[in-house]
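Before I ask anything, let me first share the structure, which is written out below as structure tokens.
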Amino acid sequence: MKRAALYVRVSTQEQKNSGLSVDSQIDALEKYCDEQGYTVAGVYNDAGISARKKYTKRPALLQLLEDCKKHEIDIILFTRLDRWFRAVAGYYEVQSVLDACKVPWRAIWEDYETETSQGIFKVNIMLSVAQAEADRDSEKIRSVMEFKRQNKEYIGGKVPVGYRVEGKKIVKDEKTCGMIEDMFEHYFQTFSKWGTADYILSKYPDFIRTRNRIVKIMSSPAYHGEMYGVKNYCEPYITEEQAQRIKEVSSQKSWVDCKRRIYIFSGLIRCPICGYKFSGRTMAKKEKRYKVYQCPRSAAKKHKTYTRSEPKLETYMLNHIEEKIQSDVLRAEGRVKAAGNDVEKRKKKLSSELGRINKMFEKGRITEEYYDERYEAISNELKELSQTAATEELETKKKIQSRFPDGWKDMYMQLDEQGKQVFWKSIVKEIKISPNEFVEDIIFF
Ligand SMILES: [Zn+2]
């Protein structure tokens, strides 16, 4: 006698529909078993669970699979296919288990079963149609969301501190916007997230509870206007460039020693002898400790030790960096000009060359083919000789120069150690020293 497992399911929504109730499903299935002469191996009831839910969230179904694996079941019966599955993805996962233990199923109110190959074929087609319909439904939901997104309406989810929902829109919250403005202002003065967090926490104890939280929200895209992955969604507190800057600064590794001392020029100085990067340490002098930079390999390599003290180097940099970038800009401008001159020279050459081949062509000394070929070669050459490289370099240098606005030294003096470190690291690629010169050259990015 065949042992039949009866699977019944009804979602919370469907329970209102009496024809679909769990009891009527069980009644029908039991009657069917009587008629066919099957014994009921068990009733597996997933009441209140949607068939779209992942099958792993359907406990009765999972139990049924376990019992199939134990070979306690010969056939699974349910009333309709949609009681069993609605989504194709999960269906195939379950079906592969059933295939492995060779347990077929049958829908008693419909002409669906997996006992025959025609039956399996029909089921597969049926399920693809069902999936296509489901996709259309979720597409409908998506397009409503898309409409809201396009209209920059609030879709849901938590709104960051500094904003609130008004009607359908996300607007700045007048209760907290002062704090957020203050937060960014403080950050861009110090470039320290943790310092800013401390500052905000002490000044506004009521809105945000922890430092971690403040540090976290600082990188929220909403503050530069982006929400749900769409730009210009809400009124920004900072520009995109500023947001980018926060990201850059946070990604820069902070260089500290084991006593958590910060060395503002670490990683920027190279040993003039072995090329290794100088590391920071402290030195005592006249009962005072101060920071210095030295080659960490000078002892091992037995080469002369060069030392640069941080305070002296800082003074040097503050006094020379502006004039250095200025001269870099001038040099870059010269290169752009030179490249321009080159282009002029080539143009002259090109036109005289053109005149020459024109004459030759007129006199029939060269073919039209050869003429075209030469012409193209010359114009291509001219295109390649562009000013781009030099112009780009000039742009970069000018950008760095703009990092030194009037009064920048006063602002620099207000930075904490970490802020100073970030300042130098974001501008300078290398500080070149030599045995004879305190600083030989400053290389910018
Ligand atoms: Zn060295």
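The values are calculated or read from the model by the stated rules, or taken from the named source; none is laboratory data. For clarity, every value in this text was computed on a predicted model and none was experimentally measured. Positions of Cβ are generated from backbone atoms using ideal geometry, with glycine treated the same way; all protein chains shown enter the neighbour counts. Accessible surface areas use protein heavy atoms only, side chains included; no ligands, DNA or RNA. Shrake-Rupley method; radii C 1.70, N 1.55, O 1.52, S 1.80 Å.
When the chain is modelled as a GNM with alpha-carbon springs shorter than 10 Å, which of 431, 26, 262 fluctuates the most?
Maximum fluctuation in the GNM of the chain, among the listed residues, is at 26.
OK, next. For residue 105, what residues show an amide H to amide H distance below 5 Å, using hydrogens built from the backbone and excluding near sequence neighbours?
Answer set, sorted by chain and number: 76, 114, 115.
Where Lys and Arg each count +1 and Asp and Glu each count -1, what net charge lies around residue 51 among other residues with Cβ under 9 Å from its Cβ?
Taking every Cβ under 9 Å from that of residue 51, the sum is +4.
Here is a follow-up. Which residue, 372, 67, 342, tops the fluctuation ranking in a GNM of the chain built on C-alpha contacts under 10 Å?
Checking each option, the largest mean-square fluctuation is seen for 372.
Take the alpha carbon gyration tensor of region 163-251, find the square roots of its eigenvalues, order them as a ≥ b ≥ c, and report rounded if a/c is under 1.5; if not, report prolate when a/b exceeds b/c, else oblate.
Oblate shape, in that a/c is at least 1.5 and b/c is the bigger or equal ratio.
Using just the helices of the chain, give the 222 nm mean residue ellipticity in deg cm²/dmol: DSSP H runs with n ≥ 4 each add -39,500 (n - 2.57), and the total is spread over all residues, rounded to 500.
Only helices count here, giving -16500 deg cm²/dmol.
Okay, next question. Taking only C-alpha pairs under 8 Å that are 6+ residues apart, what is the relative contact order of the chain in percent?
Once divided by the residue count of the chain, the mean separation gives 9 percent.
Let me know the shape class of region 31-84, please: from the alpha-carbon gyration tensor, a ≥ b ≥ c as square roots of the eigenvalues, rounded when a/c is under 1.5, otherwise prolate if a/b is greater than b/c, or oblate.
Oblate.
Something else about it: Given a 1.4 Å probe and every protein chain left where it sits, what share in percent of the accessible area of the chain is carbon and sulfur?
Roughly 51 percent of what the probe reaches on the chain is carbon or sulfur.
Longer than 32 Å from Cα to Cα, which of 152/425; 175/409; 247/397; 304/399; 203/429 are they? Say none if no pair is.
Flagged as over cut-off: 152/425; 175/409; 304/399; 203/429.
Whenever you get a sec, line up 135, 206, 99, 46 from highest to lowest accessible area (probe 1.4 Å, protein heavy atoms).
Listed by decreasing accessible area, they come as 206, 99, 135, 46.
Specify the residue with the greatest mean-square fluctuation among 93, 240, 417, computed from a Gaussian network of the chain linking alpha-carbon atoms under 10 Å apart.
93
Quick one: putting +1 on the C-beta of Lys and Arg, -1 on the C-beta of Asp and Glu, what dipole do you get for the chain around its Cα centre, in Debye to the nearest 20?
Charge dipole, the chain, about its Cα centre: 2720 debye, nearest 20.
Next up: Of the options 412, 89, 436, report the single residue whose Cα projects farthest towards the positive end of the charge dipole of the chain (beta-carbon charges: Lys, Arg +1; Asp, Glu -1).
About the Cα centre, the residue reaching furthest to the positive side is 436.
Also, I was wondering about something else. If I fit a long axis through the Cα atoms of helix 310-362 and take the longest principal axis of the Cα atoms of the chain, what angle between them do I get, 0 to 90°, rounded to 10?
Here the helix axis deviates by roughly 90 degrees.
Provide the convex hull volume over Cα atoms per residue for region 330-445, in Å³.
Hull volume normalised by residue count: 152 Å³.
Throw me the Rg/Rh for the chain, computed over C-alpha atoms with Kirkwood Rh, two decimals.
Value, to two decimals: 1.22.
Now a separate question. Roughly how many Å² of residue 168 are accessible to a 1.4 Å probe, to the nearest 10?
So the heavy atoms of residue 168 present about 130 Å² to solvent.
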